[in-house]
Amino acid sequence: MAVAAVSPKSILPLACGFDFIAARCSFSRLAAVLCSRHVAVDRIDPSTITRLFVSESESNPSFVTRNQFLIYRLFSLSGLVPVGAFLVVHLLTNASVLAGPGAFQSRVDLIHSLGPLLVPIEWVFIFLPMLFHATVGFAIIAGGLPNVGSYPYAGNVRYTLQRATGMIVFAFIIWHLIQLHWMGAALGGGQFDPHHASSSAAVALQPAIVGILYAVGIVSAVFHLSNGLWTLGITWGLWTSPAAMRRASWVSIVVGVLLGGVGLGALVGMRNVNVEDAKVIEDRMEGVKRMLEGQPAAGSPAAGVRAAPQPISNPSPAASTTGVSTTGI
Amino acid sequence: MIQIAEKSDAASAGAKESDRIVRVRVLRQDAPGQESYWERHAVPYEPTMNVISILQRIAAMAQSQDGRHVAPVAWDCNCLEEVCGSCTMLVNGRTRMACTALVDKLLEENPEEIELKPMSKFPVVRDLVVDRQRVFRALERVKAWVPVDGSYDHGSGPRISPDEQEEAYPLSTCMSCGCCLEACPQYTKSEVVQRDDESAEDFDKRRKAAFDRGFIGAHAISQAMLFNSHPTGKMIADERLKAITSQGGIQMCGNAQNCVAVCPKHIPLTRSIARAGRAATVWAIKKLFDR
Amino acid sequence: MAQPRVLVIGGGLAGLSATMRLAELGIHVDLVSLVPVKRSHSVCAQGGINSVNALTRQEGDSEWKHFDDTVYGGDFLQHQPPVKEMTDWGPRIIDLMDRLGVPFNRTPEGYRDQRRFGGTLYKRTSFAGSTTGQQLLYALDEQVRRFEVDGKVKKWEFWDFLQPVLDESGRCRGAVCQDLVTMQFRAFPADAVILATGGCGLVYGRSTMSMVCTGSAISRAYQSGAWYGNGEFIQVHPTAIPGADKLRLMSESARGEGGRVWVPRTPHDPRDPRDIPEAERSYFLEERYPKYGNLVPRDIATREIFDICTTDGLSVEKDQLCVYLDLTHLSREMLDRKLGGILEIYEKFQGVDPRVVPMKIFPAVHYSMGGLWVDYQKSGAGGLEPGSPRNQQTNIPSLYAIGECDYQYHGANRLGANSLLSCIFSGLFCAPGVVASANGGGKTAAEESSRLFDTAMRRQEERHEALLARRAGDENPYALHQELGTLMTRTATVVRRNEQLAAAYGEVCTLEDRWQRCALSDTGNWTNQNVVFTKALGDMFPIAKLILKGALQRDECRGAHYKPSTAMPGIAATEPGEQRREAEQWCDRFEMNTRRWLKSTIAKHGSDGHTQISYEDIDTSLLPPRPRLYGLVGGDVIEEVWKERQKKADAIHAQAITSGGLSP
């Protein structure tokens, strides 16, 4: 999403609002250790501050303090790999629904072919890095004092939005997991059925408010990643001159626009899936899979035999009736 | 276009310049730990006035707009040519040097009044005077000097190409004014109060330790890069890199890039920061493999 | 025995270089400054720093020629040994500053680049962009910070020097200072005190000097018995930008690149300057000096601009004296290329583009050549004896003065780019002597009875309390300062007239009386800038008086001191014989004047508060005085006559020079 291309003024109200939120976040304990934040609120009894630091200065510096640089660099890196990379793969996978429920289903099947390995892989490469990124990120947010109201420069607006989108994305991911991931079943969610990928997702995403929230979540995540890409380049010293930074910022805008297109395309694609038709396809594919695995097929065994071999290149008439273009992804 | 409130006699269309009044709102604070309060002043307009001359007039009048007798507003200044770095304050909400804050321009921004506040990232000493010791402490931390053997004659310094000089010179014009720190959303205030039973030395030590936990700031990172590019200065480049990658170091930068936008000397601070990032990357990796 | 300690007051170039060298010599230094030392007035110096260098040497330059230029430029009013020592040290000082990391401009091959400044034929001036002073100061500030980290230097920033503490024998044993934040007093026992407190421009109200240049510190030393030398010699810069708060320098290069100075023929013409037709403009410099035009020498430009505004009443504005300096006829491209930097300064502070609208400028007080009288010990080579405790010492033993606040290096007129050199030189050079003095035997100041310091502290506390308690006054210190400034600027800057000077002295005495009735608008005891300013104002009067009295008594023209009644005009005659006769007369008069007036003015603070003036002979052993003929009508004839006279005396001079071991 190309925020930098939008006039900074147009997003000021949002950013100013964020001033308010961030200044009142109570992460001070964590922040004081991780971020060396001293006073984030206007009026604090000086003795409180003194106490806070006496306790630290008199003890040995903590592990976190000693390794602040390393932690922040890992934080920066984790945003790109694996978290950022996962986002790209995830959005591209989801966007395959634009090629029909079958296309999406076959990709989901591919992922789930990992079987019992899927859970540890999810945790090691996705959830834990994400949690690490989020934990450090919240500490950073709590340690900063956004001031875009006083200094409404484009860079500062991006700084503020990076933090705002970080928080939005975090909340969104929690909700997203509860709603769709099997782990959320206990909380009344877990609506995603890997055997009926498109149809179950389409049902879950159908309410308008859900669609809107997903759009916000996707746009925020994409902005966060593409802007993060730009700051990462500065942090690690890839682009150093103002001119190089400007060029890099265009690259990040292009990346953002493309990825945003993919993400929103996936959302639209999911919502536009014809649930009944999709179910037919998914069941057929399920049947084929079971057959190949030597298990008795459930549902309509006869139907799957013809359609299954070429679900992508031979879109079913049902898929084309959804009106979704099947080209492009 | 300049609009200035007129004293009275609105009927006379062409009010004389001497009748014009500039309204000023100052955020005052009598001493550290005390409540701050707004005070309004009205100063006769003069051409080519700046915020310093406004404050000079306020000091001379010693009364507020409503005629109350008040103590003059305290503020820091020295050269009035924007090279000493003393007179940083928040003028109409933005950090800048008061000496180059021209009244005519400020009234274009806001014809109603001019607002003066002390910097918010440093402890207020009184009114517009703040304690910027932390700025200088950061220079100690990054060893912002050339480690010469001494001041005795050893012939001339190293030869330096004009390109190198042109890179170094802008960084060397940093006057430690603190604008980059004030505008930085990652830089937060550190106010340590001396305890009753504490000696000056102990307090100083404790305060420096508190400073060192906070973000070092764009100016110090830039100075580290300046000296790391000097042929003699780079002999302790590792020590500087160690300093800027320790707690509160370069990792604290959030890339808001306000520093470079508000720097009165237009120092390419973000370039210094990015270069420091690159140097830190290389240094950290090298350290990892040299271990 | 306790370790000796030295107290340095002032953290500009001089104070910092002394601190650096003292710390290096193992002495603990307390460094007191009104502002963080990095913000000292030295940052304002733009042009550069002079020294002989490899390049000029190949064109025939030498330390001796730099010495000659400095002495000639100063109209021979300096003792020559210190100046010689300084110019000898020039190359080493530049090398040192180079090593400390000053980003001097470079040649394509990577050597230091130099440019030419006024008063010399050689490209002696090293420079770092347009902020040489700032760059030099920062390099020293960095070194001192290094010593501070090592615990060898302790800085006392935002502290005000109130008085030196003298023992019964009159020796300086420390000082009393005040914390400008907490307003607390503190006595600093010190085995030597070095004053490096700069000039006294604020005596003139607004000048090109910084707000700390009140002269209060030197005045306090003066009132404690230190002598003041050559106070009446105040350098005025011809072109400064008048501002409501201060006057800012406009480089002479604006005229060098073709800028024209003019005023409207109608006084205070209200029209936009661009609408005033050529016929109604007076290009007075071009009219009066057709040969030199706008590039007349600095002092003449200053006088003419001053005169046309005051005597002829043709100032552009009514409330403020100024003339136009017009660049608008020059191409924008050329202006940006050659004058970009200085035009930006004008635009920044005036909010007007000088490429479109003529600039308004006026002369401004710029530098105090005079200052505390200091001693020196001459070496056999004609320079100074290194390590002598007498070097830079005032008449008060163990009290030293260096930098702009001493009187020693610039005589009657300072050469451009020499001040930075004199500041760094005097700071570095005095250090070994100061150490010798501090180690001078007997008990250290720290072991001195506390009664000595208590008495001094109490005196300052009482003065402070009395000021705070003064409620019923009807005088405003800021208004009083403005009056003093206006008076001094009118009478004791460019053109001096005895009746005005005498009257002004009386007026300053009246102002001083009125100061006694100053009421403070702030009677608190926390960061009270009001009381600090009022004190400083009170200490400006003795300086103002010694400037006026020195100027009143000096009935001649020398350097920056110009009295029309004593001016020696050039040759009026056109017939060669007559010209020669006039030239002989001129030379006779010059020699007479030299005998009468080639003396340092020594001002002492009388117990009645009045200035007592005496004179001191000048050591001209290295270079006999000769007339300054620059721009004088018939100068060539006078020079011819003078040279003939000199030939007769040459034998003696040659003798003096060879015995001094110098290359002529």
If residue C:115 satisfies every condition in (1) within 14 Å of another protein chain (Cβ to nearest Cβ); (2) in contact with a strand residue (DSSP E or B) (Cβ under 6 Å, 6 or more places away or on another chain) but one, which is the exception? (1)
Of the conditions (1) outside any loop (DSSP other than H, G, I, E, B); (2) at the interface with chain C (Cβ under 9 Å from one of its Cβ atoms), residue B:71 clears all except one; give me its number. (1)
List every residue pair whose Cβ atoms lie under 8 Å apart, where the two residues are 6 or more positions apart in sequence or sit on different chains, the first residue falls within region A:172-184 and is within 14 Å of residue A:130 (Cα to Cα), and the second residue, located anywhere, is open to solvent by 60 Å² or more (accessible area, probe 1.4 Å). A:172/A:213; A:172/A:216; A:177/A:183
Mind counting the residues in region B:271-291 that are more than 8 Å from chain A (Cβ to nearest Cβ), crowded, with 23+ Cβ neighbours inside 10 Å and among the β-branched types (Val, Ile, Thr)? 0
When the residues of region C:218-246 are narrowed to those that are over 27 Å from residue C:545 (Cβ atoms) and of a type in the set (A, V, I, L, M), which ends up nearest to the other protein chains (Cβ to nearest Cβ)? C:244
Name the residue that is farthest from the other protein chains (Cβ to nearest Cβ), counting only residues in region B:254-270 that are open to solvent by 10 Å² or more (accessible area, probe 1.4 Å) and in a helix (DSSP H, G or I). B:259
When residues of region C:85-97 are filtered for being in contact with a Ser or Thr (Cβ under 9 Å, 6 or more places away or on another chain) and either touching a residue at least 60 places away in the same chain (Cβ under 8 Å) or crowded, with 24+ Cβ neighbours inside 10 Å (or both), how many remain? 9
In region C:252-278, anything buried (at least 23 other Cβ atoms within 10 Å of the Cβ) and in a strand (DSSP E or B) is listed as C:261, C:262, C:263
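Being among the charged types (D, E, K, R) and in a loop (DSSP other than H, G, I, E, B) is the filter; apply it to region C:171-222 and report the residue that is farthest from residue C:511 (Cα to Cα).
The selected residue is C:191.
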Going through region C:118-132 in order, the residues found to be touching a Phe, Trp or Tyr at 6+ places or on another chain (Cβ under 7 Å), within 14 Å of chain B (Cβ to nearest Cβ) and not in a loop (DSSP other than H, G, I, E, B) are C:126
Scanning region B:190-210 residue by residue, the ones that are under 19 Å from the mean Cα position of the chain (by Cα) and either facing chain A (nearest Cβ under 9 Å) or open to solvent by less than 20 Å² (accessible area, probe 1.4 Å) (or both) total 2
Being in a helix (DSSP H, G or I) and not charged (D, E, K, R) is the filter; apply it to region C:587-601 and report the residue that is nearest to the chain's Cα centre (by Cα). C:597
Out of everything in region B:147-185 that is open to solvent by less than 20 Å² (accessible area, probe 1.4 Å) and in contact with a strand residue (DSSP E or B) (Cβ under 8 Å, 6 or more places away or on another chain), what residue ends up being farthest from residue B:218 (Cα to Cα)? B:165
Note: among B:100, B:95, just one is at negative phi and open to solvent by less than 10 Å² (accessible area, probe 1.4 Å), namely B:95
Just checking: which of the helices (runs of 4 or more DSSP H) contained wholly in region A:64-128 hold 1 or more residues that are modelled with pLDDT of 95 or more, over 14 Å from residue A:194 (Cβ atoms) and open to solvent by less than 40 Å² (accessible area, probe 1.4 Å)? A:68-78, A:85-95, A:101-112
(1) outside any helix (DSSP H, G or I); (2) within 14 Å of chain B (Cβ to nearest Cβ) all hold for residue C:38 apart from (1)
Are any of the residues in region B:96-109 touching a Leu at 6+ places or on another chain (Cβ under 6 Å) and at pLDDT 95 or above? yes
Has region A:274-285 got any residue that is under 30 Å from residue A:87 (Cβ atoms), modelled with pLDDT under 90 and open to solvent by 20 Å² or more (accessible area, probe 1.4 Å)? no
Which of (1) open to solvent by less than 10 Å² (accessible area, probe 1.4 Å); (2) closer than 22 Å to residue C:293 by Cβ; (3) within 13 Å of chain B (Cβ to nearest Cβ); (4) of a type outside the set (Asp, Glu) does residue C:249 not meet, given it meets every other one? (1)
I need the full set of residues from region C:239-277 which are closer than 19 Å to residue C:347 by Cα and touching a Pro at 6+ places or on another chain (Cβ under 6 Å), in order please. C:273
Within region C:55-82, tally of residues that are open to solvent by 10 Å² or more (accessible area, probe 1.4 Å), in a helix (DSSP H, G or I) and in contact (Cβ under 8 Å) with a residue 12 or more places away in the chain: 7
Of the residues A:215, A:186, A:197, A:221, which single one is open to solvent by less than 60 Å² (accessible area, probe 1.4 Å), more than 28 Å from residue A:253 (Cα to Cα) and not polar (S, T, N, Q)? A:197
Under 22 Å from residue A:139 (Cα atoms) and facing chain A (nearest Cβ under 10 Å) - does that describe any residue in region B:215-232? yes
Counting only residues that are among the polar types (S, T, N, Q), assigned to a loop (DSSP other than H, G, I, E, B) and surrounded by 16 or more Cβ atoms within 10 Å (Cβ to Cβ), which one in region C:496-552 is farthest from the chain's Cα centre (by Cα)? C:521
How many of the residues in region C:305-317 are more than 13 Å from every other protein chain (Cβ to nearest Cβ) and surrounded by fewer than 18 Cβ atoms within 10 Å (Cβ to Cβ)? 5
Residue under question is residue C:484, and the condition is that it be over 32 Å from the mean Cα position of the chain (by Cα), in a helix (DSSP H, G or I) and of a type outside the set (Lys, Arg); does it hold? no
In this structure, does residue C:167 turn out to be within 14 Å of chain B (Cβ to nearest Cβ), open to solvent by 10 Å² or more (accessible area, probe 1.4 Å) and not β-branched (Val, Ile, Thr)? no
In region C:138-145, is there at least one residue being assigned to a loop (DSSP other than H, G, I, E, B), over 25 Å from the mean Cα position of the chain (by Cα), within 11 Å of another protein chain (Cβ to nearest Cβ) and buried (at least 19 other Cβ atoms within 10 Å of the Cβ)? no
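The values are calculated or read from the model by the stated rules, or taken from the named source; none is laboratory data. All values derive from a computational prediction rather than experimental measurement. Glycine gets a Cβ as well: all are built from the backbone with ideal geometry, and neighbour counts include every protein chain shown. Note: areas computed on protein heavy atoms with side chains; ligands, DNA, RNA excluded. Shrake-Rupley method; radii C 1.70, N 1.55, O 1.52, S 1.80 Å.
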